[in-house]
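Notes follow once the structure below has been shown.
The values are calculated or read from the model by the stated rules, or taken from the named source; none is laboratory data. Here the structure is a predicted model, which is why all the values come from computation and not from measurement. Here Cβ is always computed from backbone atoms with ideal geometry, including for glycine, and neighbour counts include all displayed protein chains. To get the accessible areas, we keep the full protein, side chains included, count just its heavy atoms, and leave off ligands, DNA and RNA. Shrake-Rupley method; radii C 1.70, N 1.55, O 1.52, S 1.80 Å.
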Amino acid sequence: MQQQDFPQYAPRPRQPRYPLTEAAEARQTERDKLTPYVAVALAIAIVIAGVLVFIVLSDNIAARAGATADKAPVPSAQPGPPVPQPIRTKPTEKSPPVHGIVTGDGTWIIGKDIKRTTYESVIVETCYWARLTNLSGDFNSVTEMGFGRTGKQIVELGPNDVAFQSDGCGEWTEVR
């Protein structure tokens with residue numbers, strides 16, 4: 001079998017639709033030289049725009065998920081009572097607790113109303129308590145919170161806590 005000779009492929013020279021002047025040919029040649037640079041610049045701009053969109057979307061997702069996930073209580077696998085929302089109350093003027101006992105519902109300022117120590121409460125009904133970093137009433141001010149139905153609740157007021165809030169927990173007694 002004999003090998004056939006195929007003609008070599010040669011691109012046809014670019015022919016303008018109409019004859020160009022020398023100045024127009026020079027401009028066309030300059031544009032042809034710039035085309036790869038424009039394509040690279042466009043690709044870089046698209047990549048930068050994509051990265052910026054990713055950053056903005058990931059920040060929004062993190063903000064919606066609650067950037068303080070490490071402070072959130074671990075949910076129980078068992079279904080429980082409905083979770084009450086924190087009560088947004090301003091601190092009330094109360095007399096300091098007598099002999100390390102905090103009685104009633106409210107918000108107490110640590111160092112003024114109550115001591116920075118560990119307290120316990122024996123709960124008969126549903127109870128909500130929270131350790132607060134400030135008195136803004138904002139949910140982000142809650143360092144730790146707890147919900148109890150019955151049994152013993154123990155709260156240790158930490159060095160960053162500014163106030164303690166309790167609702168339905170009855171009497172908190174200092175642990176010695």
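Total residues in region 121-167 satisfying the condition of being touching an Asp or Glu at 6+ places or on another chain (Cβ under 8 Å), at pLDDT 85 or above and not in a strand (DSSP E or B): the figure is 1. Applying the criterion of being closer than 15 Å to W172 by Cα and either without any contact (Cβ under 8 Å) to a residue 40 or more places away in the chain or charged (D, E, K, R) (or both) to the residues of region 117-132, the residue that is surrounded by the most Cβ atoms within 10 Å (Cβ to Cβ) is R131.
Residues that are open to solvent by less than 10 Å² (accessible area, probe 1.4 Å), closer than 22 Å to G100 by Cβ and not charged (D, E, K, R) do not occur anywhere in region 133-143.
Residue-wise test of (1) at pLDDT 70 or above; (2) surrounded by 10 or more Cβ atoms within 10 Å (Cβ to Cβ).
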| site | (1), (2) |
| --- | --- |
| R12 | yes, no |
| D32 | yes, yes |
| G50 | yes, yes |
| A62 | no, yes |
| G66 | no, yes |
| A69 | no, no |
| P81 | no, no |
